[in-house]
Structure formats: structure tokens, C-alpha cells
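All remarks here apply to the structure that follows.
The values are calculated or read from the model by the stated rules, or taken from the named source; none is laboratory data. Because the structure is a prediction, the values reported are computed rather than measured. With ideal geometry, Cβ positions are generated from the backbone for all residues, glycine too; neighbour counts draw on all protein chains shown.
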Amino acid sequence: MSELYLLDTNVLVQLIRQSSLGQYINQTFEPLMTTPRPLISIVTEGELRSLAYQWNWGEFKKNQLDFLCGFFGRYAIDNSEVIEAYAAIDAYSESVGRPMGKNDVWIAATTYVTGATLLTTDRDFDHLPSHFFHREWIDPYSVP
């Protein structure tokens, strides 16, 4: 049994685009093959569906989005544990002068509550200490 991952929105964008970074993520982390099946926050699904409109994705990418959102376990944010984690992470970020985008706070809170490792290609979570959660950062500029 391998590590439980929670996939950040940017990871799913790369998987949907089937970019070289997305291919690297597939080969390295095997999100479609690993057990337990990776999770996504319901917030990520909302972000992805908004991006599909903004970027005018065609049917192929929309189908990829539908498949991945259905395949990965969706985690809701409407429970007291996630809400409390959201409050703690948001307050901590503000206290150290690193306010986060609210969707990132929800994703971080979901990661914390599930005990998963966050898989991300951005640095938005770097200021959070490891007692919140572990993250695996994929440098998008190191992948050919």
C-alpha cells in the first residue's frame, strides 16, 4: 500500500492537458494506479470547471476532467474538522504575513484532515509548517 495523496488543482490541470509535466506526474506518482486512490478537494473540482470555461476547453479535455473528477475520491469541505482546519491554516498564514488564496486554504485544510500528502506544482503552501501536513512539490521547470 502506498502513500495517500491529495492532488492540487495544478496537478490535475497538467494531467488533463497531458503535458510533459503531466506525463512526468503519471510516470512518477502513478495517480491512476496507486492504492489508496488519490483524493481531490471538492474545491479543486470547482476550480477545474471554472478553468474549463475560462480556457475554452474542447470536448476531449472536458471528458478528461469528468473522468478524473469521478475517478479520484472527492472530499467535501462541509464538516467541522475541515472548517476548523481552514480557520487554523488561514489564521496562521495571516500571522506570518503570507495570506493564501481561499481555495488553497480549503485544499490545505482538506489535506490536513485526511492525513494525505499534498501533491502540487506551485509554492503556495511552502510557508506552512509540517505539523499541518506533508507536501510533495514537483518543480514544473525541472521536467523536460
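Entry remark, the range 14-73: residues being of a type outside the set (A, V, I, L, M, F, W, C), in contact with a strand residue (DSSP E or B) (Cβ under 9 Å, 6 or more places away or on another chain) and either surrounded by fewer than 17 Cβ atoms within 10 Å (Cβ to Cβ) or not in a helix (DSSP H, G or I) (or both) number 7 in total.
Condition check ((1) over 22 Å from residue 108 (Cβ atoms); (2) out of contact with any Lys or Arg (no Cβ under 9 Å at 6 or more places or on another chain); (3) among the aliphatic types (A, V, I, L, M); (4) modelled with pLDDT under 95) across all residues:
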site: 2; (1), (2), (3), (4): no, yes, no, yes
site: 8; (1), (2), (3), (4): no, no, no, no
site: 15; (1), (2), (3), (4): no, yes, yes, no
site: 37; (1), (2), (3), (4): no, yes, no, no
site: 41; (1), (2), (3), (4): no, no, no, no
site: 44; (1), (2), (3), (4): no, no, no, no
site: 55; (1), (2), (3), (4): yes, no, no, no
site: 60; (1), (2), (3), (4): yes, yes, no, no
site: 64; (1), (2), (3), (4): yes, no, no, no
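Of all the residues in the range 110-138, those that are among the hydroxyl-bearing types (Ser, Thr, Tyr) and free of Cβ contacts under 8 Å to residues at least 40 places away in the same chain number 2. Number of residues in the range 122-144 that are within 19 Å of residue 26 (Cβ to Cβ), of a type outside the set (Val, Ile, Thr) and outside any strand (DSSP E or B): the value is 6. A residue that is in contact with a Lys or Arg (Cβ under 8 Å, 6 or more places away or on another chain), buried (at least 21 other Cβ atoms within 10 Å of the Cβ) and of a type in the set (S, T, N, Q) occurs somewhere in the range 120-139.
Yes/no matrix, rows are residues, columns are (1) free of Cβ contacts under 8 Å to residues at least 24 places away in the same chain; (2) of a type in the set (A, V, I, L, M):
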site: 71; (1), (2): no, no
site: 94; (1), (2): yes, no
site: 97; (1), (2): yes, no
site: 108; (1), (2): no, yes
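For the range 98-121, a tally of residues being charged (D, E, K, R) and either in a helix (DSSP H, G or I) or modelled with pLDDT under 95 (or both) returns 2. I'd like to know if the range 97-116 contains one or more residues that are within 14 Å of residue 7 (Cβ to Cβ), surrounded by 14 or more Cβ atoms within 10 Å (Cβ to Cβ) and touching a Lys or Arg at 6+ places or on another chain (Cβ under 7 Å). Taking every residue of the range 97-116 in turn, none turns out to be within 14 Å of residue 7 (Cβ to Cβ), surrounded by 14 or more Cβ atoms within 10 Å (Cβ to Cβ) and touching a Lys or Arg at 6+ places or on another chain (Cβ under 7 Å).
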